[in-house]
1. For the range 141-151, which positions are surrounded by fewer than 19 Cβ atoms within 10 Å (Cβ to Cβ) and touching a residue at least 60 places away in the same chain (Cβ under 8 Å)?
2. How about the range 84-192: which helices (runs of 4 or more DSSP H) wholly inside it have at least 1 residues that are among the charged types (D, E, K, R) and in contact with a Phe, Trp or Tyr (Cβ under 9 Å, 6 or more places away or on another chain)?
3. Out of the range 75-100, which residues are more than 20 Å from Gly42 (Cα to Cα), loosely packed, with under 12 Cβ neighbours inside 10 Å and of a type in the set (A, V, I, L, M, F, W, C)?
4. Pull out all pairs, ordered by first then second residue, where Cβ-Cβ is under 8 Å, the residues are six or more apart or on different chains, the first lies in the range 89-110 and is in contact (Cβ under 8 Å) with a residue 12 or more places away in the chain, and the second is loosely packed, with under 12 Cβ neighbours inside 10 Å.
5. Looking at the range 1-35, which of its residues are polar (S, T, N, Q), crowded, with 19+ Cβ neighbours inside 10 Å and in a helix (DSSP H, G or I)?
6. For Leu72, only one of the following conditions fails: (1) loosely packed, with under 13 Cβ neighbours inside 10 Å; (2) farther than 26 Å from Glu123 by Cβ. What is its number?
7. Examine the range 56-69 for a residue that is at pLDDT below 95, closer than 30 Å to Pro180 by Cβ and surrounded by fewer than 18 Cβ atoms within 10 Å (Cβ to Cβ), and state whether such a residue exists.
8. Just one of Ile182, Ile190 is in contact with a Ser or Thr (Cβ under 9 Å, 6 or more places away or on another chain) and under 24 Å from Phe21 (Cα atoms); which is it?
Amino acid sequence: MKLCGLTGGAGMGKSTAAGFFLQLGARVVDTDEIARELVRPGQPALAEIQREFGAEIISSAGELKRDQLARLVFADSAARQKLEAILHPRIRERWLAQIKIWRQENCAPAIVVIPLLFETGAESHFDKIICVACSAASQRERLLARGWTPEEIQQRIAAQWPVEQKISRSDFMVWTEGAPEIHAQQVGRILAKL
């Protein structure tokens, strides 16, 4: 089984690329989805986040106020480190468990989407690393379209390695400027090489 880590900057098209890998027969697990599962009501991680950051980040329905927490942790690196200490070990445990299942099934190429792959030292787990990237202008445009403020965009980008550094340490790159069909073709070529 070929195991690949897929990374890239915020708003650069990781989810879109992961979708193309899935359509073309690869197995995919996205750590952002794992993170969302870990903070659902009743989950131990949510209770720990509430203890660390206060009851005001939990809605009346018992759900995490993700935007409010994001504003807090991206404005304060110590707060971000506290949140990462709660979530990152749990996230890694989940994707490692998924990899173990895939290895037992000896399945087709498998992809783990990890935005902070290099930042968390996860690269040693993978046979190959794929970086998804676009121009800084396109990244900014996409993040503004998500409703992020210029300040929020700057904070998120500053919290990750520069994409050029990620590209230089990766085996493959998917350049996400242009039409989706072009992205899909790049993904297909990478899968063929795996």
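The values are calculated or read from the model by the stated rules, or taken from the named source; none is laboratory data. Since we're looking at a predicted model, the values are computed, not measured. So basically every Cβ, Gly included, is an ideal-geometry build from the backbone, and we count neighbours across all protein chains shown.
1. Answer for the range 141-151, where residues must be surrounded by fewer than 19 Cβ atoms within 10 Å (Cβ to Cβ) and touching a residue at least 60 places away in the same chain (Cβ under 8 Å): Arg142, Arg146.
2. On the way: elements: 136-145, 150-158, 163-168.
Of the helices (runs of 4 or more DSSP H) lying wholly inside the range 84-192, those with at least 1 residues that are among the charged types (D, E, K, R) and in contact with a Phe, Trp or Tyr (Cβ under 9 Å, 6 or more places away or on another chain) span 150-158, 163-168.
3. If the condition is that a residue be more than 20 Å from Gly42 (Cα to Cα), loosely packed, with under 12 Cβ neighbours inside 10 Å and of a type in the set (A, V, I, L, M, F, W, C), then Ala78, Ala97 are the ones that fit.
4. Between residues of the range 89-110 that are in contact (Cβ under 8 Å) with a residue 12 or more places away in the chain and residues that are loosely packed, with under 12 Cβ neighbours inside 10 Å, the close pairs are Ala108/Gly25; Pro109/Gly25.
5. Matches in the range 1-35: Thr31 only.
6. (1)
7. yes
8. Ile182
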